[in-house]
């Protein structure tokens with residue numbers, strides 16, 4: 001019997017994702033054993049600094065990638081939005097299972113909708129993209145930093161008297177946090193992070209045996225949409241320190257991609273949508289990124 005090892009971060013959400021992938025493999029592949037190994041990343045261990053100060057490359061993936069190179073693990077299981085769009089030589093994005101809800105969710109302790117927040121309301125988020133989108137909608141809102149796993153953020157919402165926090169809808173759904181009443185936000189306005197809601201699987205390029213196993217659980221529609229999103233981000237060289245987002249979806253035979261890029265204060269924004277062929281997602285993402293470049297995306301970056 002073949003044994004494969006999945007590497008994952010140690011949060012409750014990360015372990016849910018790893019167990020989900022394990023279950024899918026066991027359902028679709030015979031004579032196989034799956035083990036899960038927790039690997040702590042620098043992004044998990046450094047909690048006293050905002051994400052932009054830690055840099056945009058590999059803070060939640062470096063240690064998992066080292067384990068792939070060393071063949072300590074066979075598959076790295078990521079939240080796809082944490083996986084850089086450009087990977088080290090020798091490693092590849094092997095695909096994703098079916099994507100969950102990609103939208104952002106707003107949670108208020110009083111169940112007040114985001115659009116009804118008064119001027120001066122205090123919102124916590126660790127995402128530069130979310131901060132820019134919040135300030136675009138209401139520049140008089142006060143945004144503060146927020147780090148930690150899902151449970152930590154929800155605890156801080158109560159303990160630190162925030163008027164609301166933003167989270168990924170998929171995370172709330174996966175952890176079954178039904179006691180909260182999130183407002184699901186329009187993805188054409190609050191454009192999601194690249195790959196949000198998808199589980200990203202990373203392997204060594206040489207491991208054709210592992211790719212063959214994963215091909216049995218990969219969702220082609222998910223891979224198509226996130227490939228366009230990742231091509232958009234890669235071409236613009238964006239990361240977690242820049243307000244950037246993308247939302248790909250399939251309608252009939254077409255692939256539709258909405259891109260977002262903004263200044264950190266949310267007052268200078270590019271938000272555009274392009275339709276193309278589902279057979280060429282990379283091409284569509286690159287094409288949209290070049291439109292952004294032609295429209296002056298570089299002028300939005302804080303120097």
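The values are calculated or read from the model by the stated rules, or taken from the named source; none is laboratory data. Please read these numbers as outputs of a predicted model, since none were measured by experiment. Quick reminder, even Gly has a Cβ in these numbers, built from the backbone with ideal geometry, and neighbours come from all protein chains shown.
When the stretch 127-151 is examined, which residues are found to be closer than 25 Å to residue 177 by Cα, in contact with a strand residue (DSSP E or B) (Cβ under 9 Å, 6 or more places away or on another chain) and touching a residue at least 24 places away in the same chain (Cβ under 8 Å)? Across the stretch 127-151, the qualifying residues are 127, 128, 129, 130, 131, 133, 134, 145, 150. For the stretch 251-275, residues that are under 19 Å from residue 223 (Cβ atoms) and in contact (Cβ under 8 Å) with a residue 40 or more places away in the chain total 2.
In the stretch 171-188, the residue that is surrounded by the fewest Cβ atoms within 10 Å (Cβ to Cβ) out of those that are part of a loop (DSSP other than H, G, I, E, B) and modelled with pLDDT of 95 or more is 186.
When the helices (runs of 4 or more DSSP H) confined to the stretch 1-72 are screened for residues that are at pLDDT 95 or above and surrounded by 13 or more Cβ atoms within 10 Å (Cβ to Cβ), those reaching at least 3 such residues are found at 12-28, 62-69. The criterion of at least 1 residues that are surrounded by fewer than 20 Cβ atoms within 10 Å (Cβ to Cβ) and out of contact with any helix residue (DSSP H, G or I) (no Cβ under 6 Å at 6 or more places or on another chain) is met, among strands (runs of 3 or more DSSP E) falling completely within the stretch 103-149, by 122-124, 142-144.
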